[in-house]
Structures are given as structure tokens and as C-alpha cells.
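Just so you know, all these numbers are worked out from the coordinates, no wet-lab data involved. These figures come from a predicted structure and were not determined experimentally.
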Amino acid sequence: MSKKAFHVYNVIILLLLLSFNLLVLFAFGIGEGGMGFSQWVPIALSFLIWGVFYLIQFARSNKTWRIAWFCIMLVFLYFWQTGVGAAFGRLIG
């Protein structure tokens, strides 16, 4: 896989992350409780986590390094989006 392919895969993950987080924002918007700080933190941190993993992937030009960190990013963001982020938000809120 080329360097361009890794950029494309990362942008696809970013777009998926953006769509899931926009659904969450929509759900909070139609609810009566509103959004507090503890709801914004997991959403903002998900983009920060994506950015950190994106930078780590391109820290070295080794293809194995990039594939490994891409897979780690997918697993971490999956768990973050499916409950760990919400638990973290409740912990700080």
C-alpha cells in the first residue's frame, strides 16, 4: 500500500467518526437535557485521538509500522465510540 492509500483510509475513518459524532450531537440536540461539558469532552477527544494516531502512523516510513498503528487506531476508536468515551465523560462530569 502506498502512502496515498494510508491517507485515504485515514480520511475515510475521519468521515465515519464525524458522521457518528454528528448523530450524537443531533441526539443531544433533540433531548431536553442539553449538552454539558461532560458530553462535549468525549466527542472532542475522539477527534484528538484520531489526530494523534494519524501522526503516529506517519512518524516512520515503514509500511508494517503504519498498518499496525492503523489497526490499533481502529480498535481504540471502536471501543471509544461504543462506550469508553461515554464512561470517561461520566467520570469527569
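Shown here is the pair-distance distribution of the range 1-80: with all Cα-Cα distances grouped in 5 Å bins from zero up to the longest one, the shares run 3, 14, 24, 21, 14, 10, 7, 5, 2, 1 percent.
Can you give the Kirkwood hydrodynamic radius for the range 35-93, in Å, rounded to one decimal and based on Cα pairs?
12.2
Phi angles across the range 27-43 convert, under the Karplus curve 6.51 cos²θ - 1.76 cosθ + 1.60 with θ = phi - 60°, into 3J(HN,Hα) values of 5, 5, x, 8, x, 8, x, x, 10, x, 4, 5, 8, 6, 4, x, 5 Hz, Gly and Pro given as x.
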